[in-house]
Each structure stands twice: as C-alpha cells, then as structure tokens.
Amino acid sequence: MPKLAGTLIVLLTFILLWQGFHLLVGASAIASPLQTLVKLGSLLGTAEFWENISETMRAFVAAFVLSLAGGIALGIVLGVRRLAGNVAEPILTTLYSIPKVVLYPLVLLCFGLGISAKIAFGVMHGLIPITLFSMNAIRQMKPVYRRTSQVMRLSPSQSAFTVILPAILPEIISGVRLGFSLTLLGVLIGEMFASQRGLGFLLTSAINLGHIDTIMAIALLLTVFAVTCNSLMMLFDRQLTHR
C-alpha cells in the first residue's frame with residue numbers, strides 16, 4: 001500500500017508539472033496532458049498507427065533477442081576466459097563510448113534501408129552493455145561455484161547453464177534493463193534517420209510538420225511502454241535477490 005501511494009504521488013506530481021509547463025510555454029511548445037491523451041486515443045483508433053507500431057516492435061524484438069542472446073553468451077565466454085576478457089573489456093568500453101549515430105551511414109551501406117538496418121542499429125546499442133554486465137558478474141562470482149562444476153566434471157555448456165548462469169542471473173537482469181532501453185533507442189533512431197515506417201518515422205514527420213500533439217502522444221506511448229517493461233524487470237530482479 002505505501003508503495004502504491006508513493007507511485008500515485010509521483011505520477012500526480014509529474015502530471016501537475018507537465019500541465020504547469022504547458023501553461024508556462026504555451027501549446028505551441030508542449031501539449032497539455034489532456035490534449036496528449038486525446039491525440040493518443042485518436043491515433044490508437046487508426047489501423048495505420050498500429051501498422052507503424054507493429055513495424056517498430058518487430059525490429060525491436062528481433063534486435064533485443066539478438067542483443068540478449070549474444071551479450072550473455074559473449075559475456076560468459078569473456079568472463080570464464082579471464083585473459084580474453086582483460087583484452088576485450090577496454091575494446092568494448094571504447095566502442096560503447098562512440099556515438100552510434102556517426103556509424104549509421106555504414107550500417108545503411110551494409111544492410112540497406114529495410115528492417116535489417118534498424119535491427120542492426122538496435123543490436124549495436126544493446127549488445128555491449130549486456131556483455132559487460134555478464135562478464136563482470138562472472139568475475140565477481142564466488143569461486144566455489146566454478147570449483148563445484150569442475151569437481152562434478154561438468155562440460156562447458158553444462159557448467160554455463162546449470163551453474164554460472166543461475167549464479168549471475170540478478171546481475172544479468174541489471175544489464176538486460178539497460179540493454180532493453182538502449183536497444184529501443186537504437187531502433188527508434190534508425191527509424192528517424194532512414195525509414196518510411198515505424199514510430200520513429202512518425203515522430204520525425206510530426207517534428208517536420210510541427211504537430212506538437214502527435215509528438216507528445218508518441219513520446220507518451222513510448223514512455224509508458226519503457227517504464228512498464230522496466231518496472232516488470234525490476235520486480236523480477238527483486239524476487240531473484242530475495243530468493
């Protein structure tokens with residue numbers, strides 16, 4: 001009950017600040033909460049808007065699955081093989097710090113203007129943080145787990161799935177939360193730069209046309225989606241930590 005009350009207070013404060021900012025700068029700069037909800041409702045009532053949502057979700061789900069599977073697998077390999085991890089960590093950290101937008105023309109040359117480019121750009125954003133979190137989680141894992149797997153003569157794959165992965169799962173969830181947000185960001189940026197469909201494309205079109213209510217409606221939809229998914233992952237993380 002206290003958590004629910006706290007959430008409601010934060011939500012109410014956010015709405016009041018939003019309305020106050022709307023009154024301060026005017027409707028030409030930011031739409032009111034009511035206008036945004038009405039516009040979002042009208043957009044959700046059109047088949048074209050759902051087609052764009054589907055396009056974004058298809059690219060995002062594919063990119064997130066690839067980032068998740070590739071990041072965890074690569075993180076486990078680099079974490080178990082300490083020398084390889086020591087060599088790869090500064091390289092991955094440097095690549096992670098590079099603004100990905102400057103690499104998007106190269107992505108377009110390699111993958112074209114279709115959904116493949118958006119998926120690749122999303123993976124570029126989400127793969128590295130999941131890899132780093134997984135690798136560092138194995139480094140901080142208690143040595144007794146790996147010794148136990150050696151005593152039991154487990155194969156590398158058995159050790160990874162039955163010992164290492166369960167032991168570092170809470171830390172992986174933290175990396176997945178960050179990778180989730182960055183992958184979604186990468187897909188949306190890809191749609192904003194070179195796409196004819198998707199929420200990112202609609203957002204760019206609304207910006208060019210000056211449709212403030214549409215911009216706010218799409219931003220609200222993406223915010224609700226991201227916050228809801230992140231809250232579910234936080235809840236899962238707390239349950240794992242409690243266990």
Exercise. Across the stretch 59-77, what is the total count of residues that are open to solvent by 20 Å² or more (accessible area, probe 1.4 Å) and either touching a residue at least 24 places away in the same chain (Cβ under 8 Å) or not small (Gly, Ala, Ser) (or both)?
Worked result: 11
Exercise. Residues of the stretch 8-31 being under 17 Å from residue 212 (Cβ atoms), open to solvent by less than 100 Å² (accessible area, probe 1.4 Å) and part of a helix (DSSP H, G or I), which ones?
Worked result: 18, 19, 20, 22, 25
Exercise. Which number in (1) among the polar types (S, T, N, Q); (2) farther than 20 Å from residue 117 by Cα; (3) open to solvent by less than 70 Å² (accessible area, probe 1.4 Å) marks the one condition that residue 56 misses?
Worked result: (2)
For this session: State whether the residues of the stretch 112-129 include one that is open to solvent by 60 Å² or more (accessible area, probe 1.4 Å) and aromatic (Phe, Trp, Tyr).
Result: no
Seminar exercise, completed: Going through the stretch 181-219 in order, the residues found to be farther than 17 Å from residue 55 by Cβ, out of contact with any helix residue (DSSP H, G or I) (no Cβ under 7 Å at 6 or more places or on another chain) and without any contact (Cβ under 8 Å) to a residue 60 or more places away in the chain are 208, 209, 210, 211, 219
Exercise. Within the group 178, 185, 202, 209, which residue is open to solvent by 20 Å² or more (accessible area, probe 1.4 Å), more than 15 Å from the chain's Cα centre (by Cα) and under 25 Å from residue 66 (Cβ atoms)?
Worked result: 202
Exercise. Yes or no: residue 108 open to solvent by less than 70 Å² (accessible area, probe 1.4 Å), part of a helix (DSSP H, G or I), touching an Asp or Glu at 6+ places or on another chain (Cβ under 8 Å) and not polar (S, T, N, Q)?
Worked result: no
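The values are calculated or read from the model by the stated rules, or taken from the named source; none is laboratory data. Computed from a predicted structure; not experimentally measured. As a convention, Cβ positions derive from the backbone with ideal geometry for all residues, glycine included, and neighbour counts pool all protein chains shown. SASA here: full protein model, heavy atoms, side chains in, ligands and nucleic acids out. Shrake-Rupley method; radii C 1.70, N 1.55, O 1.52, S 1.80 Å.
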